[in-house]
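Q: The structure under discussion is supplied below as structure tokens; questions concerning it will follow.
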Amino acid sequence: MNGSINGSHDYARVYVWEQPVRWFHWINAVTVIVLGATGWLIANPPAFMSETEASFSYWFGDVRFIHFAAAYVFTANFAFRLYWSLVGNKYSKWRNFFPLRRAQIRQIGDVLKVDILQSTQKPVHTVGHNSMAYFTYAGTGLLTVFQIASGFALYAPMSESWFPALFTWVMPLFGSEFSLRIFHYAVMWAFTVFTIIHVYLVFYHDYVEGHGVLSSMVGGWKFLEKKTIAAEEASGISPYPSKPTTPAPVAPTQVAKIN
Ligand code: HEM
């Protein structure tokens, strides 16, 4: 391998992640990290011995305030992504997240064979996420719903606002505040494990496949071989007509032949 140009390919530049999806992603990533860090502190409060007047050591109150404020942002951001899965382009549509079509199920099998079983080295190239990734994100979506419902149910007794009050029915399902807290805490760890694997995988795929997957969540574009794009169109995955996106200025690099 000569290091800079890897073989001969006919590439196209594809606008995959629209701005609202990118904003969702980064707001979600920041709020998950803030919620995880502050949530961990709330669950494991450091017992400081201090001579300071109690009202001057309100930092724990600040930690809780940040947790609750981030929870509202996390919730509104998720609601926005649900809306965008109805009106966004075909790669962001809700149907991708549910593997109900045969082509999606087959692709999940192919991804498992390459990434987990390592029984084949034939990589799975896709324009949006691969079907396994979409399905995983559906799982994180479910965890998100649970975390919102359980978190606001725990917050409701301390709040006079109408929104947490919507979740007062959750606590009786778990028997006690204590057991609901345990589940809320466990799901925080599930998010932590997801984040570690997720960040590893996007860096790994970015390096191995060279489609610009990492920067696609910043600028929106990926770079794929034209035959990969044609194969995806033919596979029936993400087949829904997308709204025409604002055409970016067509530079000579837009569809570039690299030899
Ligand atoms: C902080 C470092 C992170 C990086 C570098 C990163 C990078 C990426 C990239 C590149 C994608 C697109 C993958 C593709 O095109 O197939 C993606 C998607 C996604 N990531 Fe992350 N991510 C990070 C953190 C997180 C965190 C903390 C979460 C939540 C716990 C998260 C949740 C998601 C979700 C849900 C998607 C799918 C987005 C959608 O389709 O709406 N990410 N991430």
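Q: So which of 126, 52, 136 ends up being modelled with pLDDT of 95 or more and among the β-branched types (Val, Ile, Thr)? Show your work before the answer.
A: Details: 126 fails: modelled with pLDDT of 95 or more; 52 fails: modelled with pLDDT of 95 or more.
None of the other options fit; the residue is 136.
Q: For segment 34-89, which positions are of a type in the set (Val, Ile, Thr) and farther than 18 Å from residue 152 by Cα? Before you say what the answer is, go through the steps one by one.
A: Just the residues of segment 34-89 that are of a type in the set (Val, Ile, Thr), to begin with: 34, 38, 42, 52, 63, 66, 73, 75, 87.
Across segment 34-89, the qualifying residues are 52, 87.
Q: Looking at the structure I just gave you, is residue 138 among the hydrophobic types (A, V, I, L, M, F, W, C), touching a residue at least 40 places away in the same chain (Cβ under 8 Å) and assigned to a helix (DSSP H, G or I)?
A: yes
Q: For the subset of segment 42-66 comprising residues that are in a loop (DSSP other than H, G, I, E, B) and under 19 Å from residue 181 (Cβ atoms), which member is nearest to the chain's Cα centre (by Cα)?
A: The selected residue is 44.
Q: For segment 107-118, which residues satisfy the criterion of being assigned to a helix (DSSP H, G or I), surrounded by fewer than 16 Cβ atoms within 10 Å (Cβ to Cβ) and free of Cβ contacts under 8 Å to residues at least 12 places away in the same chain?
A: If the condition is that a residue be assigned to a helix (DSSP H, G or I), surrounded by fewer than 16 Cβ atoms within 10 Å (Cβ to Cβ) and free of Cβ contacts under 8 Å to residues at least 12 places away in the same chain, then 109, 113, 116, 117 are the ones that fit.
The values are calculated or read from the model by the stated rules, or taken from the named source; none is laboratory data. Keep in mind that what you see is a predicted model, and the values were worked out from it rather than measured. In this analysis, Cβ positions are derived from the backbone assuming ideal geometry, glycine residues included, and neighbour counts consider all displayed protein chains.
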